[in-house]
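So the structure is just underneath, and the comments pick up after that.
Just so it is clear, none of the values below were taken in a lab; they were calculated from the coordinates. The structure presented is a predicted model; accordingly, all values stated were derived computationally and were not measured. Virtual Cβ from ideal backbone geometry, glycine too; neighbours counted across all protein chains shown.
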Amino acid sequence: MANWIPLWVHKLGSPPLFYRFAGAARPWLLALAVLAAAGGLYGGLVLAPSDYQQGDAYRIIFIHVPSAWMSLFIYGVMAVASFVALVWRVKLAEVVAMESAPVGAAFTFITLVTGSLWGKPMWGTWWTWDARLTSELVLLFLYLGVIGLYHAFEDRRQGARAAAFLALIGIVNVPIVHFSVNWWNTLHQGSTVRILGPSKMAPSMLWPLLTMMAATKLYYLASLCSRVRADLLALEGGKDWVRKIAEAEGSR
Amino acid sequence: MNAFLAMGGYAAYVWPAYAVFFAVLLADAIAPRLRRGRILRELRARLARQTARQQRGAAPP
């Protein structure tokens, strides 16, 4: 690879080093995620006032919207890692891409279920085939397709490459999900939180939402660390460093 | 407290949503731990078989 990339990036790409790094980072990430979630949920469920139109039903937003953001964010991470894996054949990138898929699928599932539970009292229906809901369902199927394709091959690295290709093609769905509320007439409301310009939301409701967003991001990183560790052990089963870990844990 | 749990009459929608959120993420957190244990157990079994085979080869009965 190009030599403008600092040496520690190459070093971190080595499985035994990343295994140790992820093991050290995981408890901190998880603790921060739990702390942020506790703060965000206290702010969202207790401190924030009820909505003048939706009453207390709107409080589903504090898990629905962060999960929806994560479903798109994780897909982006998976696609970038897939690209790196396909172009430069970096083993760690393959692992990151393939182990992101189950977390992304989990968040997409949460988004669909919580959205359904929110839709019933507000729209009068659990489900409707409109643009936002349908494209989010397609996103879930893309995640499941990547997971399924990965496990369909005897050789895991071959499976990872095939699934990485599918992940890259599926990226076209991400802007469709995001802009579906603008492009089509939909039951789903538009964006209230904007990166550019002022958000259309009261600060007392906005800060718990953003704190929950931080919590879900931190949780994803913690889950990714623990998943990548397990996958590296499986992939490098014949190597010396994995053998040492297996023996050390066996004698405990 | 009761008013908090009632969620303004929307308890039947709000609390299941939160339950799903935590249940799914808990399952997601536990799965890799179980998998890691299984991988290491299988690896130890393979190593034990390997050393047993080597010992048999070194000292035939």
> Dividing the Cα convex hull volume of region A:128-221 by residue count, how many Å³ per residue is that?
Replying inline: 136 Å³
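Please grab the % of Cα pairs in the protein assembly as shown that end up more than 24 Å from each other.
59 percent
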> What list of ³J(HN,Hα) couplings, whole Hz, do you get for region A:135-150 from phi and the Karplus terms 6.51, -1.76, 1.60, once you set θ to phi - 60° and write x for glycine and proline?
Replying inline: 5, 5, 5, 4, 4, 4, 5, 5, 4, 5, x, 5, 4, x, 5, 4
> Taking neighbour counts of Cβ atoms within 10 Å as a proxy for exposure, in what order, fewest first, do A:240, A:56 appear?
Replying inline: A:240, A:56
> Which number comes out as Rg/Rh for region B:2-58 once both Rg and the Kirkwood Rh are worked out on C-alpha atoms?
Replying inline: 1.56
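Which of the three applies to region A:11-84, rounded, prolate or oblate, going by the alpha-carbon gyration tensor with a ≥ b ≥ c and a/c under 1.5 meaning rounded? Intermediate values should be presented prior to the final figure.
Working: a/c = 6.64, a/b = 1.95, b/c = 3.40.
It is oblate, given that a/c is not under 1.5 and a/b is not larger than b/c.
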> Over chain A, what is the mean sequence separation of C-alpha contacts under 8 Å (at least six apart), divided by residue count, expressed as relative contact order in percent?
Replying inline: 32 percent
> Order of A:52, A:19, B:10 from fewest to most other C-beta atoms within 10 Å?
Replying inline: A:52, A:19, B:10
> Which order do A:117, A:47, B:47 fall in if you start with the one that has the fewest other Cβ atoms within 10 Å?
Replying inline: A:47, B:47, A:117
> Per-residue ellipticity at 222 nm for chain A, helices alone: DSSP H runs ≥ 4 residues times -39500 (n - 2.57), over residue total, nearest 500 deg cm²/dmol?
Replying inline: -25500 deg cm²/dmol
> Who wins for biggest fluctuation among A:68, A:105, A:162 in a Gaussian network model of chain A, springs between alpha carbons below 10 Å?
Replying inline: A:162
>> Can you work out the Karplus-derived ³J(HN,Hα) for every residue in region A:35-45? Use 6.51 cos²θ - 1.76 cosθ + 1.60 with θ = phi - 60°, whole Hz, and x for glycine or proline.
In response: 4, 5, 5, 4, x, x, 6, 4, x, x, 8
